[in-house]
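> First the structure, then my questions, so here it is.
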Amino acid sequence: MDSNNNITSIWDFFQNPIIMNLLIGVVYFAAIAAFITVLVIILMWMDRRVAAFFQERLGPIKYGPQGLLQPVFDAVKMVSKGNITPRNVDKLVYNLAPMLIFMTTLLVYAALPYGKNLTVVNLNVGVLYLIAISSTATIAILMGGWGSNNKYSLIGGMRTVAMIISYEIPFAFSLLGIIMLTGSMNMTDIINAQKNVWFVFLQPLAFVVFMITAMAELNKSPFDLPEAESELVAGFITEYAGMKFGLVYLAEYANMFSMAAIAVTLFFGGWQGPLLPSWLWFLIKTLLMVFFIMWIRWTLPRIRIDKMMKLNWKVLIPLSILNIFLTGIGIKLYQYFTGMGGV
Amino acid sequence: MLKDFGIIGIFVLGGLFFTGAALLTNWIIRPKEHHNENATSTFECGLDTRGPTWVQFRINYFLYALIFVVFDIETVFLYPWAVRFNSLGVFALVEMIIFIAILALGLWYAWKKGALEWK
């Protein structure tokens with residue numbers, strides 16, 4: 001009787017909604033962390049194979065089928081590396097930066113729609129949240145650049161700031177057309193609105209602007225200025241070694257996937273598709289998008305920083321404003337000719 | 001809504017835990033040899049680094065930054081408008097065209113004044 005009573009009270013403890021939600025949150029976090037770890041291993045392998053493919057090499061093929069185990073060994077190596085901390089760094093800022101860079105990546109993953117009814121959190125301000133969180137990484141990168149007490153790192157960090165004040169505006173503006181068409185910032189609503197026609201066909205201009213700014217957001221070539229290897233050694237990660245470098249590296253690949261996922265969700269109908277289950281469609285589309293990003297990355301040379309700012313302010317911002325006008329007028333004309341129907 | 005952001009809060013704590021655990025693992029299993037003077041010095045291409053790094057950095061793009069603030073605030077105004085766009089009618093469209101036109105005028109002025117040049 002006594003033990004029975006005890007069990008009931010433990011059950012009551014778990015029935016408490018706050019504890020319940022806390023546990024659900026922890027389970028979600030564990031699932032996402034495991035997902036990112038597996039994903040990054042696949043993406044690292046994919047990146048190296050795609051790079052080799054574009055440069056007429058073979059890439060890693062020795063370990064595992066098609067070299068798939070290579071990133072696993074790389075990861076083990078990275079964790080067991082010597083932990084060199086230069087003596088002149090600002091210890092707190094220097095050590096905090098990789099953690100914050102990875103954390104922003106993790107927070108983006110919290111709001112992605114992975115499939116039908118398969119989201120961690122289905123925010124009603126989804127798009128705004130993703131824009132806000134993904135640009136927060138800039139502060140962490142600047143922290144790394146400043147805290148390293150190295151001139152290359154500092155220049156890399158300053159370049160990141162120069163980049164964000166250029167690409168952030170067209171990045172945010174290019175998504176306005178989609179929100180006007182959908183009437184919601186919720187990611188699931190945006191996917192449902194693309195049941196008949198993908199937004200890439202309704203918003204081709206926005207897609208071009210979005211993809212260019214997304215490459216800048218990812219710090220990938222042609223916009224890999226903060227870590228330009230040939231000029232700045234490794235930019236803001238010059239002084240990082242061991243797992244601190246590993247975390248930045250991990251975040252970089254994970255960001256590539258999350259940005260591709262955002263592009264797929266907003267422009268290519270997200271997880272929608274015939275026959276196959278929705279999460280599989282999401283993965284297929286997103287990996288194709290990742291391949292597209294890698295394709296651009298290994299094709300175009302680096303652009304100079306002042307030209308990059310010029311491109312963003314003098315070409316992309318006017319284009320994205322034009323896109324808002326065209327979308328607005330288009331929606332009103334459509335409503336006028338077809339009665340009051342939404343798109 | 002509160003529950004959603006609670007879960008995001010758990011993600012923040014979890015992120016700290018995850019990255020902390022990764023760094024701790026690295027710290028435990030790292031090779032424990034003594035690093036000499038050169039290993040922990042600031043990286044430079046073969047030479048010793050000269051002069052302080054934490055200086056007043058000349059930021060060539062501060063004019064961009066000023067315009068950026070204006071446009072960023074504009075973004076905050078545009079997002080709620082875009083969400084309600086379908087139900088607001090032609091009046092909202094015209095109003096927003098005027099609003100964006102004023103800012104486009106500002107951008108055009110900054111452009112002509114040479115604020116969008118890297119100096």
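> Per the helix-only calculation at 222 nm, which mean residue ellipticity applies to the protein assembly as shown, given -39500 (n - 2.57) for every DSSP H run of n ≥ 4 and division by its residues, nearest 500 deg cm²/dmol?
Counting only the DSSP helices, I get -23000 deg cm²/dmol.
> Relative contact order for the stretch A:44-139: what is it in percent, counting Cα pairs under 8 Å that are at least 6 residues apart?
16 percent
> For chain A, what relative contact order do you get, as a whole percent, if you take Cα pairs closer than 8 Å and at least 6 residues apart?
Relative contact order here is 21 percent.
> Apply 1/(1 + (r/R0)^6) to the Cβ-Cβ distance of A:LEU280 and A:PHE53, taking R0 = 22 Å, and write down the FRET efficiency to the nearest 0.05.
The pair A:LEU280/A:PHE53 has a calculated efficiency of 0.35.
> Checking the a/c ratio against 1.5 first, then a/b against b/c, what shape does the Cα gyration tensor give for the protein assembly as shown?
It is oblate, given that a/c is not under 1.5 and a/b is not larger than b/c.
> Which residue fluctuates the most in chain A, going by a Gaussian network model with Cα springs under 10 Å, if the choices are A:ALA254, A:ALA52, A:ALA137?
A:ALA52
> Distance in nm between label sites at A:TRP11 and B:VAL12, each 7 Å beyond Cα in the beta-carbon direction?
About 3.6 nm separates the two model spin labels.
> Given the options A:MET46, A:MET180, A:MET143, which has the most mean-square fluctuation in a GNM of chain A, springs set between C-alpha atoms less than 10 angstrom apart?
Between A:MET46, A:MET180, A:MET143, it is A:MET180 that shows the largest mean-square fluctuation.
> In debye, nearest 20, what is the charge dipole magnitude of the stretch A:51-175 about its Cα centre with +1 on Lys and Arg Cβ and -1 on Asp and Glu Cβ, if you could check?
It works out to roughly 340 debye.
> Further question: Pairs of Cα atoms under 8 Å, at least six residues apart: use those to get the relative contact order of the stretch A:1-80, whole percent.
It rounds to 17 percent for the stretch A:1-80.
> What does the buried accessible surface come to for B and A, summed over both chains, with the probe at 1.4 Å? Round to 100 Å².
Summing both sides, the interface buries roughly 6900 Å².
> Further question: Using a 1.4 angstrom probe, figure out how much accessible area the protein assembly as shown has per residue, in square angstrom, rounded to the nearest whole. Walk me through the numbers before you get to the answer.
Details: 22360 Å² over 462 residues.
I get 48 Å² per residue for this part.
> Also, I was wondering about something else. To the nearest 20 debye, what charge dipole does chain A have about its Cα centre, counting +1 at the Cβ of each Lys and Arg and -1 at the Cβ of each Asp and Glu?
Rounded to the nearest 20 debye, it is 760 debye.
> In peptide B:93-100, what is the residue-averaged number of other protein chain Cβ atoms found within 10 Å of each Cβ?
That average works out to 3.
> Let me ask another. Quick test of the membrane-span-like rule: which DSSP H helices of chain A reach at least 27 Å along their long axis (C-alpha atoms) with mean Kyte hydropathy at least 1.0?
Membrane-span-like by this rule: A:17-54, A:91-110, A:126-147, A:242-267, A:278-299, A:317-337.
> Name the residue from A:PHE54, B:THR75, B:TRP27 whose Cα lies farthest towards the positive end of the charge dipole of the protein assembly as shown, charges +1 on Cβ of Lys and Arg and -1 on Cβ of Asp and Glu.
A:PHE54
> Related question: Please label the shape of chain B as rounded, prolate or oblate, based on the square roots a ≥ b ≥ c of the eigenvalues of the alpha-carbon gyration tensor (a/c under 1.5 means rounded; beyond that, a/b larger than b/c means prolate, else oblate). Spell out each step's value before the answer.
On the way: a/c = 5.97, a/b = 1.54, b/c = 3.89.
The shape class here is oblate.
> Quick check for me: using +1 on Lys/Arg Cβ and -1 on Asp/Glu Cβ, what's the dipole size of the stretch A:1-80 about its Cα centre, in debye to the nearest 20?
Taking the Cα centre of the stretch A:1-80 as origin, the dipole is about 540 debye.
> In the Gaussian network model of chain A, springs joining C-alpha atoms below 10 Å, which of A:TRP295, A:TRP313, A:TRP11 carries the largest mean-square fluctuation?
Per the Cα network of chain A with a 10 Å cutoff, A:TRP11 tops the list.
> Taking every residue in B:21-33, how many Cβ atoms of other protein chains lie within 10 Å of its Cβ, on average?
Values: counts 2, 11, 10, 1, 3, 13, 3, 3, 6, 9, 4, 2, 1.
For this peptide, the per-residue mean of nearby foreign Cβ atoms is 5.
The values are calculated or read from the model by the stated rules, or taken from the named source; none is laboratory data. All values derive from a computational prediction rather than experimental measurement. Virtual Cβ from ideal backbone geometry, glycine too; neighbours counted across all protein chains shown. Areas reflect the complete protein model, heavy atoms only, side chains present, ligands, DNA and RNA absent. Shrake-Rupley method; radii C 1.70, N 1.55, O 1.52, S 1.80 Å.
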